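To start, the structure under review is shown below, and the notes come after it.
The values are calculated or read from the model by the stated rules, or taken from the named source; none is laboratory data. Here the structure is a predicted model, which means the values were calculated and not measured. Glycine also receives a Cβ, built like all others from the backbone with ideal geometry; neighbour counts cover every protein chain displayed. With ligands, DNA and RNA removed, areas are computed over all heavy atoms of the protein, side chains included. Shrake-Rupley method; radii C 1.70, N 1.55, O 1.52, S 1.80 Å.
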Amino acid sequence: MTYALELKNVTAGYGKVEVLHNLSMAVPHGTTVALLGPNGAGKTTTLGAISGTVNVSSGTISLGGAPITTLPSFMRARRGLVLIPEGRGVFPGLSVEDNLEIASDSAQGVTGAWKRAQRDRVLGLFPRLGERLKQRAGTLSGGEQQMLAMSRAFMAAPKVLLMDEISMGLAPQVVELLYDAVAALKSEGTTIVLVEQYLTYALRLADICYLLAKGQVAFVGDPGELAGETTLAGYL
């Protein structure tokens, strides 16, 4: 079986500090996978290893069955791997409009009509951005910047979308708006891997949950198995 994303025995970290230890994970096409675990479990490091921002010392990572372990980040992005990092992912010195255009230009195999339709769509999802198209992204509120980061992901036509704590520090109504957009992507068959501090959102959207502890997989199953599971209480 070919997975949208697969990690086999990945060991990774920062310099001489090893964070992930022979971690394996399989993400089927069109599913949403939640990475759960306490602080320091290796969730963000896993996303970094996948996206190419964290060094992998051993093991393999495949995207759609093709190895990407040694590819630089920009080549992974060209193949449809899109990351919304913790702390937003926008170009603060550029306008909202320019941020959207850069993301649109990175999309592979799409038409001009598709790009225009997606632009209209994200501005419909996040009307505040439509009111701030000429405003520099760095001057937006935290919630607006996260809306822009999500919009950039839409515009990039992701095959696999990685999301790291998109709700961090935001008001509940903004988080709801963001996760409505995530649900829309999920309904279209986009493959999603998310790290989320609010278990309610993670368990609501996920098809598969991986619970990490000390850089290894402690539990894997569907949300129904994990909800109320004593294993979960023991690690979070």
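Numbers at a glance
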| quantity | calculated |
| --- | --- |
| Residue ID - surrounded by the fewest Cβ atoms within 10 Å (Cβ to Cβ), chosen from residues in segment 32-58 that are under 19 Å from residue 79 (Cβ atoms) and in contact with a helix residue (DSSP H, G or I) (Cβ under 9 Å, 6 or more places away or on another chain) | 53 |
| Test: residue 110 is in a loop (DSSP other than H, G, I, E, B) and closer than 20 Å to residue 51 by Cβ | no |
| Residues satisfying the stated conditions in segment 1-12, i.e. modelled with pLDDT of 95 or more and either open to solvent by 80 Å² or more (accessible area, probe 1.4 Å) or at positive phi (or both) | 8, 9 |
| Any hit, segment 70-80, residues being open to solvent by 40 Å² or more (accessible area, probe 1.4 Å), of a type in the set (Lys, Arg) and either on the phi < 0 side of the Ramachandran plot or within 18 Å of the chain's Cα centre (by Cα) (or both) | yes |
| Residue ID - farthest from residue 138 (Cα to Cα), chosen from residues in segment 89-103 that are buried (at least 21 other Cβ atoms within 10 Å of the Cβ) and under 20 Å from the mean Cα position of the chain (by Cα) | 103 |
| Scan of segment 14-31 for residues that are open to solvent by 10 Å² or more (accessible area, probe 1.4 Å) and either in contact (Cβ under 8 Å) with a residue 60 or more places away in the chain or within 19 Å of the chain's Cα centre (by Cα) (or both), ordered by number | 18, 19, 21, 22, 24, 26, 28, 29, 30, 31 |
| Test for residue 151: is it closer than 28 Å to residue 49 by Cβ and either open to solvent by 60 Å² or more (accessible area, probe 1.4 Å) or touching a residue at least 40 places away in the same chain (Cβ under 8 Å) (or both) | yes |
